[in-house]
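Take a look at the structure set out below.
The values are calculated or read from the model by the stated rules, or taken from the named source; none is laboratory data. What you see is a predicted model, and the numbers here were worked out from it, not measured in a lab. Note that we place each Cβ from the backbone using ideal geometry, even for glycine, and neighbour counts take in every protein chain shown.
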Amino acid sequence: MKLENKKVELLAPAGSMDALIAAVQNGCDAVYLGGNMFGARAFANNFNSEEMIRAINYCHVYGVRVFVTVNTLMKEEEIDDCVAYVQFLYEHDADAVIVQDLGLFSILRQKFPDMELHASTQMHIHNPQGIEFMKSLGASRVVVPRETPIEEIREYSKLGIDLEVFVQGAICVSYSGQCLMGSLTLHRSGNRGECAQNCRMKYQLEKEKNGSVEVLKGDGDYLLSPKDMNTLSHVPELIEAGIYSFKIEGRMKRPEYVALMVSLYRKAINAYYEGKQFVYDDTIEQEMKKVFNRGFTAGHLFHSYGPNLMNPIRPNHIGIEIGKVIGVTKQKIKIKLTQPLHQGDGIRILQNQEDIGFTVNFLYKDGLLVNHANANDVIELDKTANVYKGNTVLKTSDVSQLSSLQNTYQKEMRKVDVFGRFEMRINNNAILEVMDEDGRSVCVKSEAICEKARTAPLAIERIDTQLHKTKDTPFNFIHIEYQVEEGGILPIRELNQMRRDALDKLQKERMCRNGKRKVQEAAPLSILITKEMPSLCVIVHTKDQLDACLEEGISHIFVENEQLYEEVKDNEFVYPRTPRVMKDKYKETFSLIQETGGLSIKTSMLCDTSLNMTNSYTAAFLFHHNACGVAFSLESSLDECKEIMNAFYKRYQTQVPFYYTIYSRDELMLTEYCPINAVELGSTKRNCGLCRGNTKYALVDMKKHRYPLLTDEKCRVRILHYDVRNEIDNISMLQENGIHHFLCTFTIEDKVQCLEVLRKCKKRLAYD
């Protein structure tokens, strides 16, 4: 089935101006990029204000839309600056901004009504209710989480909002917006654009059973490192699933990577709409692998799992295998090639101890210095480090490929088709009108008057030749209509100037894609608290933990385990904690909500830490949508929490329940991938049952930090902090700082441990 009414958008990353030009010249429909602040790739070569204006203008000339990332969590003191920054983008014609922070989204929707807002994948939306909720708030697009299978996307596409889906590039092992590992262990927040790449580090899997601890060995040590997504062979299926935007990840990648990926997906998309077959073969895959790969996977989109999803051997660029070391002397390394090698190529020689990587500066064949060698040749390289016979040789960069890709964007080859109308009458100024396919039209007149020729009149053929000289412009005339009175003449320089003036004028018109847009004031949201909340709420996962809470008289106990909740839901003190990833429809009952879709329910709710409240505007947004209590983000410091409360009170003159976590083993990652299953079984399927029973598992990093693994009935894995957050002894100090509502979360604690914690809490709170 072909979808003809709305063609899919090819969305490319632009981490630099060169990458942006590479994307545009290779055929993208839109780019996403970040400024120097507020983007989720803080270490990319982002755009300053002047560069941003240039980028927007450049893209718009070619009909390419520009989406700017403002997809980080906002601290209280950043909101005003961020709004001012978006106003700058708004006034300079950016087409959309991509937003994570719900409070910021609310302000921007009010203040800039004519600007598209895209709900970032960081917003933690993975059910129809979440999509429809964001649609109701004015989002024009939702960026679907990478964990979403294609069957669900087909259903989401019926909801009447554009879906943007990652089709190529790096995969996060954790649900986006739910990774706190870098923030809480290395003080580098992925939610703030400073991802520490914890998933690309070495870990061991530890198994504990009956007091005995065993370290399990898998195929490699990089247990949390996914392969790169590659769905190029699935383009027809993806289009027919109803996806509107194909997103290529890669704002940290070099321009040549962007050029290649955009050009390949452009060819595949065009082939679909032209009724042709795009053949994905080994040659194409080798080209993709050379420019960057960690191994390829079709990802969660197509139910890849275990070894089909992960690469535990290597967390960085692999390249392609090109041969083996067959001999080593004091000065030379002898290699038998299986692929061509050029002077200037980058290679890596694999070793057990440490890989050796370098650029091939001198390449020898039969004792002679050469600039290239072919497959099956035996070559020699200068020895710069110890390598050994039998070592595998990889090519990590191909100078010939890079040069070829650079040629695709260093000369601007992409053209905008335009139509022309030229009128020339004796004793009048000549007129040139130029129109583009979007309906924009410009008109210029010659300075000189057309005169009657004394000898040779100006022929239409000569006029046509001059007007078609558009080589140095982004435009290409596909048709010019002529109304020329015979016998007239006009200087050739006049024709050239008319062409230049008309195309310059059209170029400026195309830069103003969205026209003048209005700015409005953003009014504070209304707040109504409908339920009185206790000073202490407790979250439990097991029956023993629940029993401990009941014994200690806790009035608000939130149970996440669905089976356990069904068994005890008639207890007046027990409430559901909705799953961190909710696929079923929400029940209209008081709950502890963990993700955006839960805000769609009409009853009172408590908002959990996973909703990432880091400023008073997000707090107001949540209270406006039926929250009767809101938990601070686990990433917020005490001083930041105080700033939030003070700003909220200043704006609303009312005290509301802000919940501060005083006890928890923080959840650092939530993932669909299970390292237990992968290491113990090497399985490509889920639901192995290994985690059930009394066996405990943990990941251990190179510093010997032990991260317990908590699994659920849906086979999702939470990676817990190696240390316990315990601020019970600080309750009095927290109260003195205006915090009077507290959360306590139990994960792997037994009943005795829970009772100890609860009794200490009650004592500090003078809890009745």
Residue in segment 604-615 that is touching a residue at least 40 places away in the same chain (Cβ under 8 Å), surrounded by fewer than 23 Cβ atoms within 10 Å (Cβ to Cβ) and in a loop (DSSP other than H, G, I, E, B) present: yes
Unique match (being touching a Cys at 6+ places or on another chain (Cβ under 9 Å), surrounded by 13 or more Cβ atoms within 10 Å (Cβ to Cβ) and outside the structural domain of Cys59 (by TED's automatic domain parsing)) among Ile449, Ile431, Ile460: Ile431
Enumerated strands (runs of 3 or more DSSP E) restricted to segment 334-426, each holding at least 2 residues that are modelled with pLDDT of 95 or more and either surrounded by fewer than 14 Cβ atoms within 10 Å (Cβ to Cβ) or not aromatic (Phe, Trp, Tyr) (or both): 346-349, 363-365, 368-370, 378-382, 392-397, 416-424
Thr684 at pLDDT below 95 and surrounded by 14 or more Cβ atoms within 10 Å (Cβ to Cβ): yes
Entirely in segment 678-766, the strands (runs of 3 or more DSSP E) that have 3 or more residues that are under 30 Å from Pro657 (Cα atoms): 717-720, 741-745
Residue selected from segment 318-333 under the condition hydrophobic (A, V, I, L, M, F, W, C) and outside any loop (DSSP other than H, G, I, E, B), by the criterion farthest from Cys172 (Cα to Cα): Val328
Residue count, segment 265-287 (criterion: farther than 23 Å from Lys7 by Cβ and either β-branched (Val, Ile, Thr) or under 20 Å from the mean Cα position of the chain (by Cα) (or both)): 1
The lone exception for Met511 - which of (1) over 30 Å from Arg759 (Cα atoms); (2) in contact with a helix residue (DSSP H, G or I) (Cβ under 6 Å, 6 or more places away or on another chain); (3) modelled with pLDDT of 95 or more; (4) not aromatic (Phe, Trp, Tyr) it fails: (3)
Per-region count, segment 279-317, residues in contact with a helix residue (DSSP H, G or I) (Cβ under 7 Å, 6 or more places away or on another chain), closer than 30 Å to Asp382 by Cα and not in a helix (DSSP H, G or I): 2
Number of the condition not met by Lys365 [criteria: (1) in the same structural domain as Gln507 (by TED's automatic domain parsing); (2) in contact with a strand residue (DSSP E or B) (Cβ under 8 Å, 6 or more places away or on another chain); (3) of a type outside the set (Asp, Glu)]: (1)
Given (1) in the same structural domain as Leu606 (by TED's automatic domain parsing); (2) touching a Cys at 6+ places or on another chain (Cβ under 8 Å); (3) within 18 Å of Thr589 (Cβ to Cβ), index of the condition Cys549 fails: (3)
Candidates Val581, Val574, Val540, filtered to the one that is modelled with pLDDT of 95 or more and within 21 Å of Met669 (Cα to Cα): Val540
Residue check for Cys537: part of a helix (DSSP H, G or I) and in contact with a strand residue (DSSP E or B) (Cβ under 7 Å, 6 or more places away or on another chain): no
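Okay, residues lined up against (1) in contact with a Leu (Cβ under 8 Å, 6 or more places away or on another chain); (2) aromatic (Phe, Trp, Tyr); (3) at pLDDT 95 or above:
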site: Tyr707; (1), (2), (3): yes, yes, yes
site: Leu720; (1), (2), (3): yes, no, yes
site: Glu727; (1), (2), (3): yes, no, yes
site: Asn730; (1), (2), (3): no, no, yes
site: Asn737; (1), (2), (3): yes, no, yes
site: Ile748; (1), (2), (3): yes, no, yes
Qualifying helices (runs of 4 or more DSSP H) (wholly inside segment 71-165; at least 1 residues being more than 30 Å from Lys585 (Cβ to Cβ)): 79-91, 102-111
Number of the condition not met by Pro491 [criteria: (1) more than 47 Å from the chain's Cα centre (by Cα); (2) loosely packed, with under 13 Cβ neighbours inside 10 Å]: (2)
Enumeration of residues in segment 178-219 that are within 19 Å of Leu73 (Cβ to Cβ), basic (Lys, Arg) and out of contact with any Gly (no Cβ under 7 Å at 6 or more places or on another chain): Arg192
Checking Thr711 against (1) free of Cβ contacts under 8 Å to residues at least 40 places away in the same chain; (2) of a type outside the set (A, V, I, L, M, F, W, C); (3) farther than 22 Å from Leu180 by Cβ; (4) in contact with a strand residue (DSSP E or B) (Cβ under 8 Å, 6 or more places away or on another chain), the condition it does not meet: (3)
Number of positions in segment 167-198 that are part of a loop (DSSP other than H, G, I, E, B) and in contact with a His (Cβ under 9 Å, 6 or more places away or on another chain): 8
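Matching residues to (1) in the same structural domain as Gly439 (by TED's automatic domain parsing); (2) among the polar types (S, T, N, Q); (3) modelled with pLDDT under 95; (4) more than 24 Å from Pro113 (Cβ to Cβ):
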position: Leu20; (1), (2), (3), (4): no, no, no, yes
position: Phe47; (1), (2), (3), (4): no, no, yes, yes
position: Met52; (1), (2), (3), (4): no, no, no, no
position: Asn57; (1), (2), (3), (4): no, yes, no, no
position: Asp95; (1), (2), (3), (4): no, no, no, no
position: Val99; (1), (2), (3), (4): no, no, no, no
